[in-house]
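Student: I have a structure I would like to understand better, so I am pasting it below and will then ask my questions one at a time.
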Amino acid sequence: MNDDPTRARELDLRLRALLTPSAQAVERVRVTALAAPPTRRPRAKLVPTLGAAVLCLAAAVATWLAWPRKTPPTWSVQSSGPLLVARSQTGGVWIVGPAAEAPSRGKMLVIAKGVRP
Amino acid sequence: MELEATIDELAPRILAYCHGLTRDRALAEDAAQDALAALVRRWRSKGKPQSPAAFVFAIARRRAIRALAKQRLLAPFFGTAAETLVTDAGPASESRSELARVLRAVSRLPGRDRQALLLVAVAELDHAEAAGVLGIAPAALKMRVYRARKRLATLLNGGSG
C-alpha cells in the first residue's frame with residue numbers, strides 16, 4: 001500500500017478545489033442550521049406509562065372476574081340400598097342401579113329418569 | 001460562540017463532501033443543512049458531541065445516501081438531474097465541465113471506496129474520524145482510500161480503471 005504522498009495530496013487538492021462550494025451556499029446552510037428549532041420529540045414518561053399499564057391490567061382482571069360464566073349445575077346424589085338417586089338443580093331426577101337382566105347384569109345403568117315437578 | 005465557529009468551519013467541508021457524494025448541488029445542500037441542524041439541536045439540548053465533525057458527517061452521509069436512493073427511485077417518473085444548475089455564483093463553464101468529468105470519475109468508484117476517499121480528501125477528516133463515520137477500522141479505511149485514489153487517478157488519466 002505505497003500511496004505516493006505527493007500525488008495523493010495533488011489529487012486531494014484537485015478534488016477539494018473543484019468541490020469548493022460557493023459562499024452563498026455556505027451562508028444559506030449556515031444560517032438555516034443555526035436557526036434550527038429545538039426538537040420536540042414526544043417522549044414517553046416512565047411513571048404515567050407504567051400507571052396506565054397497571055390500570056389496563058387491573059381493568060382486564062376485573063372484567064374477567066366479573067364476566068358471567070356458565071357453571072355446571074349442582075347435583076345431589078343419595079343412595080338407597082343398591083340404587084343411587086341423582087337430582088339436578090334444574091329438577092331432573094336419575095335413578096341409577098344395577099341391571100337385573102342379561103347382557104349387562106350387575107352393571108350400573110340409568111334405570112329411570114324424569115323431571116320433578 | 002463555539003457552536004457558531006464550529007458550524008462556520010464545518011459548513012463548506014460538509015457541502016463539498018455531500019456534493020461529491022450526490023453529484024447534485026441541491027441534494028448536497030439539503031443533506032448538509034439537515035446534518036448541521038441536527039448538530040445545532042444536539043449541541044443546544046445535550047451539549048457538544050465528542051467529535052462534532054464525526055457526528056455531522058455521519059448524519060450527512062446517511063441523508064445524502066437516502067436522498068440519492070430516493071432520486072434514483074423516482075428517476076423513471078421525473079428524470080434525473082445529473083448536475084443541478086444553481087443560480088448563484090457557480091464555477092466558470094470550463095471548470096464546470098472539469099467538475100462534471102471528475103464527479104463522473106468519482107461516481108465510477110465502488111461506493112465504499114468513494115465514501116472513504118471523500119471523507120478524507122474532501123471533508124478533511126483524519127483517518128480515525130473517517131473510520132468512525134463509516135464504522136470501520138482505521139486500517140480498513142486507509143486501504144479503501146488508497147484503492148480509491150489509485151482508481152480515480154487511472155480514470156482521470158483516461159484509463160478504464
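The values are calculated or read from the model by the stated rules, or taken from the named source; none is laboratory data. In this text the structure is predicted, and so the values were computed from the model without any measurement. All Cβ positions, even for glycine, are placed from backbone atoms using ideal geometry, and neighbour counts span all protein chains on display. The protein model used for the area step is the full one, side chains on, heavy atoms only, and it has no ligands, DNA or RNA in it. Shrake-Rupley method; radii C 1.70, N 1.55, O 1.52, S 1.80 Å.
Student: Hey, got a sec? Which trypsin sites (Lys or Arg not before Pro) in region A:22-71 land in a DSSP loop and have at most 12 other Cβ atoms within 10 Å? Walk me through the numbers on the way to the answer.
Tutor: Numbers: sites: A:Arg28, A:Arg30, A:Arg40, A:Arg43, A:Lys45, A:Arg69, A:Lys70; in loops: A:Arg40, A:Arg43, A:Lys45, A:Arg69, A:Lys70.
Hits after loop and neighbour filter: A:Arg40, A:Arg43, A:Lys45, A:Arg69, A:Lys70.
Student: While we're looking at this one, here's another question. So for the pair A:Asp4, B:Ser51, with labels modelled 7 Å out along Cα→Cβ, what separation do we get in nm?
Tutor: 3.0 nm
Student: Chymotrypsin sites (Phe, Trp or Tyr not before Pro) within region A:58-104: which are DSSP loop residues with at most 11 other Cβ atoms inside 10 Å?
Tutor: Passing sites in region A:58-104 do not exist.
Student: Just the number, please: carbon plus sulfur as a percent of the accessible area of the protein assembly as shown, 1.4 Å probe, no ligands or DNA/RNA counted.
Tutor: Of all accessible area on the protein assembly as shown, carbon and sulfur atoms account for 59 percent.
Student: If I ignore ligands, DNA and RNA and count only protein heavy atoms, how much of A:Glu101 is accessible to a 1.4 Å probe, in Å² to the nearest 10?
Tutor: Rounded to the nearest 10, that gives 130 Å².
Student: Largest first and to the nearest Å, give the Cα extent of the protein assembly as shown along each principal axis.
Tutor: Here the Cα extents, ordered largest to smallest, are 118, 48, 41 Å.
Student: Kindly provide the Kirkwood hydrodynamic radius of chain A in Å, to one decimal, from all pairs of distinct alpha carbon atoms.
Tutor: 24.9 Å is the Kirkwood radius here.
Student: For B:Asp34, tell me the accessible area in Å² from a 1.4 Å probe, rounded to the nearest 10.
Tutor: 70 Å²
Student: For n ≥ 4 DSSP H runs only, could you compute -39500 (n - 2.57) per run for the protein assembly as shown, divide by its residues and tell me the 222 nm figure to the nearest 500?
Tutor: On the way: 10 runs with 167 residues, N = 278.
After summing the helix terms and dividing by residue count, I get -20000 deg cm²/dmol.
Student: Further, regarding this structure: Describe numerically, in nm with one decimal, the distance between label points set 7 Å from Cα along Cα→Cβ at A:Ser104 and at A:Arg69.
Tutor: 3.3 nm
Student: Under a point-charge model restricted to the Cβ atoms of Lys and Arg (+1) and Asp and Glu (-1), what is the dipole moment magnitude of the protein assembly as shown relative to its Cα centre, in debye to the nearest 20?
Tutor: For this selection, approximately 1420 debye.
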